[in-house]
Structures are given as C-alpha cells and as structure tokens.
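Participant: Here you go, one structure.
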Amino acid sequence: MLRGLFRKIGGLLTGGRQVDEGLFDELEELLIEADVGPGLAAELVAELRREAESQHITDADALRDLMRSQVATLLRAETGTPEIVPGPTPPSVLLVVGVNGTGKTTTIGKLAHLLRKQGRRVLLAAADTFRAAAIDQLQIWAERARADIVRHQEGSDPGAVAFDAIEAAKARGADWVIIDTAGRLHTKSGLMRELEKVQRVCRRATGRDPEEVLLVLDATTGQNALRQAEVFGEAVGLTGVVVAKLDGTAKGGIVLGIKKRFGIPIRYVGTGEGIDDLAPFSPEEFAHALFE
Ligand SMILES: Nc1nc2c(ncn2[C@@H]2O[C@H](COP(=O)(O)OP(=O)(O)OP(=O)(O)O)[C@@H](O)[C@H]2O)c(=O)[nH]1
Ligand SMILES: [Mg+2]
C-alpha cells in the first residue's frame, strides 16, 4: 500500500554497500528530501550511527534493518490503540479538522464506511456550512457509506448543526457522529474560535469531550504540517492525525515529525480517492515501506 514512499532511501541501503560516513551523509540528505525535517533527520542519523557502531554493522542491508526498527519504535503509539475507540455511551463524537483541501470530507466518507463495515450506525454532521457544495459533497459520501446525515442551510451556524446531529444521533440510536468542518487557515484566529465553539457545543450535547478530534493532514504539504498540528492542537486538543494523500507523494516524512514532536498518534492513512482507500496506520508497515 505504501510502496515506494521513500524510493530513494530504499535504493541507497541495498546492494551490499559498505557503511561509511558518506552513506550516513547521503541518508540524512534523503530524509530531509522526504520531508522528515532537518532536525529530526540529523537526530535519526546520529542515533543510527551510534547503534551501527556499537553493533559493529558494516553493510547496508543490516543498517536497513536497524533503521526499520528505529522508525517503528518512534512511531508506535504509546497511548491507546491506533484505531478510534467509542466512548462509554453512544453516541461517540468524532470531530474532523484541518486546513483547506487536505482531505477531511473524503476521509469522513471513508471512515463512515469503515465503521459501517464494523456494524456501527453512523451519522454525519455537515458543519462545513461555508459552501453549499461542501454540504452536497458530504451528502454523497453519506449515501455511499450508508450513513445518516444532518444538514442545515448554507451559511448556518456550524455549532447548531453539530448540536442537532448529536441530538438526532441520540434519538436514532447512532453509535458515531462524525462532524465535518470547513477547511480553515490556521492563521485565521476568528475561524479557529469558531472551531472551539463547535467543540464546546459537542461537550454540552454529550456531557464529555469528543472521543476523537482528528486533524487531517495532506502528506504532500511538507513541513508546514507541523505548524498546522501545533495550531489546531492548541485550539481544540487533537487526539489523533490522519495523513491523507500518501499515495500522491514520495515524501511521507511528516509522519515521523508529527509523532516525534507532538506525540500525537497517527490513526489512519489515506491512499487514494476511493471509499476503501483508508487504512489504520501501522508503524511496522510504514517502517518497512521506507525501504521498498
Ligand atoms: N490521491 C488522494 N486524493 C485524496 C485523498 N484524500 C482526499 N483526496 C482528494 O483531495 C481533494 C480534497 O478532498 P476533500 O475531502 O474535499 O478535502 P477537504 O479537506 O474536505 O476540503 P475543504 O472542505 O475544501 O477544506 C479531493 O479531490 C479528494 O478526492 C487521498 O488519500 N489520496
Ligand atoms: Mg470538506
């Protein structure tokens, strides 16, 4: 699924090449190129160098195995499971946030489908009221995934949509409410406040925090993703990240940076535009894909 994510790195650590300083330098360059970020790339390579020395590793194949386990360890979620877990009583609430066009609405369609396949009743809340087209787009996903939807008019209050959706979910016995929100520039504080309001409304309707606040990141945006995670994290307290569009890039490095810097678990990865193109994130698979 993630094949070729880091093609060049895979090419570097093969073919019985000897481990020397030049190899570590090249590796660091390639990690930076793959959006791992200069600081983290240097850190990873320094640690790899130390381990390689202490284990007397001299060929690239063994170094590759060492790096795979290093990366898998970094990515393993210390807290909780990689997949979403429902709250104590239904409905559980999943709030989806992120900047414009990262893949929020598409991810919601895929998630609804995933939960439906597990026999859960799902209700989508069209709290991206900014454009009529956004509401229609969510409606189409609801139909595809066989989920319910609560929608209001274009331009209506997103908080009111979230509240009505949760009330409808209670009445209909839905297990999950997934709230779509308008993409927003993380630099616009007014819009960030609006998001906080939606979250407060959720608390009022259920008496607890949303089970999940998922930030959807576009894998192709590079290091700016870190800034997005920081700002959305401050505003609404993220519980997890979905990295969408991993199929469209050879630069999956932000996954490492996000986990390392914020400790937020990567819950799912998006690998295409289809309804089945979402998979629970696997650190082992990701570490393996580094060198395929
Ligand atoms: N290749 C690929 N395309 C994706 C993926 N996820 C979403 N897309 C595409 O990215 C584009 C934007 O997706 P949306 O789901 O509308 O993004 P959004 O975050 O809801 O956008 P706004 O509501 O405008 O902020 C669409 O063309 C999707 O088909 C993915 O995992 N892989
Ligand atoms: Mg959208």
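Participant: Size of the dipole of segment 92-281 about the Cα centre, Lys and Arg at +1 and Asp and Glu at -1 on the beta carbon, nothing else charged, in debye to 20?
Facilitator: Numbers: 27 positive and 22 negative charges, 84 e Å.
With only Lys, Arg, Asp and Glu charged at Cβ, the dipole is about 400 debye.
Participant: Another one. Treat every Asp and Glu Cβ in segment 7-75 as -1 and every Lys and Arg Cβ as +1, leave all other atoms uncharged, and give the resulting dipole magnitude about the Cα centre to the nearest 20 debye.
Facilitator: Numbers: 7 positive and 15 negative charges, 55 e Å.
With Lys and Arg at +1 and Asp and Glu at -1, about 260 debye.
Participant: If you don't mind, there's one more thing I want to ask. Quickly estimate the mean residue ellipticity at 222 nm for the chain, helices only: each DSSP H run with n ≥ 4 gives -39500 (n - 2.57), and the total goes over all residues, rounded to 500. It would help to have the intermediate numbers written out before the result.
Facilitator: Working: 11 runs with 142 residues, N = 292.
Computed mean residue ellipticity for the chain: -15500 deg cm²/dmol.
Participant: Give the angle, between 0 and 90 degrees and rounded to the nearest 10, that separates the Cα long axis of helix 60-75 from the longest principal axis of the Cα atoms of the chain.
Facilitator: Once rounded, one gets 30 degrees.
Participant: Add +1 for every Lys or Arg and -1 for every Asp or Glu among the other residues with Cβ under 13 Å from the Cβ of residue 239, and state the total.
Facilitator: Details: positive: 208, 267; negative: 83, 209, 211, 212.
Value of the local net charge: -2.
Participant: Then there's this: With the contact rule set at Cα under 8 Å and sequence spacing of 6 or more, what percent relative contact order holds for segment 1-138?
Facilitator: Numbers: 67 pairs, mean separation 24.6, N = 138.
Once divided by the residue count of segment 1-138, the mean separation gives 18 percent.
Participant: Indicate, rounded to the nearest 5 percent, the antiparallel portion of the DSSP beta bridges found entirely in the chain. It would help to have the intermediate numbers written out before the result.
Facilitator: Values: 4 of 30 bridges.
So the antiparallel bridges in the chain amount to around 15 percent.
Participant: Pull out a ≥ b ≥ c, the square roots of the eigenvalues of the alpha-carbon gyration tensor of segment 78-231, then state rounded if a/c is under 1.5, prolate if not and a/b is larger than b/c, and oblate in the remaining case. It would help to have the intermediate numbers written out before the result.
Facilitator: Working: a/c = 1.35, a/b = 1.22, b/c = 1.11.
Verdict is rounded for segment 78-231.
Participant: How would the chain be classified by its alpha-carbon gyration tensor: rounded, prolate or oblate, with rounded meaning a/c under 1.5 and the a/b versus b/c comparison settling the rest?
Facilitator: Values: a/c = 2.42, a/b = 2.24, b/c = 1.08.
The shape class here is prolate.
Participant: Excluding residue 282 itself, what net charge comes from residues whose Cβ is under 12 Å from its Cβ, given Lys and Arg +1 and Asp and Glu -1? Write down the numbers at each step before the final one.
Facilitator: On the way: positive: 76, 267; negative: 83, 284, 285.
Net charge around residue 282: -1.
Participant: By how many degrees, between 0 and 90 and to the nearest 10, does the Cα long axis of helix 224-236 differ from the longest principal axis of the chain?
Facilitator: So the inclination is approximately 40 degrees.
Participant: Same structure, new question: Of the DSSP beta bridges with both residues in segment 216-289, give the percent that are antiparallel, rounding to the nearest 5.
Facilitator: Details: 3 of 9 bridges.
So the antiparallel bridges in segment 216-289 amount to around 35 percent.
Participant: Send over a whole-number figure in Å² for the accessible area per residue of the chain, probe 1.4 Å. Display every interim value, and only then the final one.
Facilitator: Working: 12260 Å² over 292 residues.
With all protein chains present, the chain gives 42 Å² per residue.
Participant: Okay, moving on. How far is the Cα center of segment 87-140 from the Cα center of segment 256-292, in Å?
Facilitator: Centre-to-centre (Cα) distance: 20 Å.
Participant: Accessible area of segment 135-276 with a 1.4 Å probe: how many percent of it is carbon plus sulfur? Provide the component values of the computation, followed by the final result.
Facilitator: Working: 2570 of 5660 Å².
Here it works out to 45 percent.
Participant: Near residue 110, which lysines are there with a Cα under 27 Å away, not counting those fewer than 8 places off in the same chain?
Facilitator: Residue 110 reaches 170, 197, 245, 251, 259, 260.
Participant: Need one word for segment 178-292: rounded, prolate or oblate. Basis is the Cα gyration tensor (sqrt eigenvalues a ≥ b ≥ c); a/c below 1.5 gives rounded, then a/b vs b/c decides.
Facilitator: prolate
Participant: Could you tell me how many degrees, from 0 to 90 and to the nearest 10, lie between the Cα long axis of helix 21-33 and the main elongation axis, the longest principal axis, of the Cα atoms of the chain?
Facilitator: With both axes taken from Cα atoms, the answer is about 20 degrees.
Participant: Enter the accessible area of residue 152 (Å², nearest 10), with the probe set to 1.4 Å and all protein chains included.
Facilitator: 50
Participant: Now for a separate question. Can you tell me the order of 89-98, 217-226 when each peptide is scored by its average per-residue count of other Cβ atoms within 10 angstrom, highest first? List each step's numbers first, then the result.
Facilitator: On the way: 89-98: 23.4, 217-226: 20.5.
The densest-packed peptide leads the list: 89-98, 217-226.
Participant: Could you work out which residue, out of 200, 208, 267, moves most in a Gaussian network model of the chain, that is, has the largest mean-square fluctuation with Cα springs under 10 Å?
Facilitator: 208
Participant: What is the set of long-range amide H partners of residue 19 at a cut-off below 5 Å, with H atoms built 1.01 Å from backbone N?
Facilitator: 59, 60
Participant: In terms of modelled amide H atoms, which long-range or inter-chain residues lie less than 5 Å from the amide H of residue 95?
Facilitator: The answer is 179, 212, 213, 214.
The values are calculated or read from the model by the stated rules, or taken from the named source; none is laboratory data. Note that this is a predicted model, so its numbers are computed, not measured. Quick reminder, even Gly has a Cβ in these numbers, built from the backbone with ideal geometry, and neighbours come from all protein chains shown. Side chains are part of the model used for accessible areas, which takes the heavy atoms of the whole protein and leaves out ligands, DNA and RNA. Shrake-Rupley method; radii C 1.70, N 1.55, O 1.52, S 1.80 Å.
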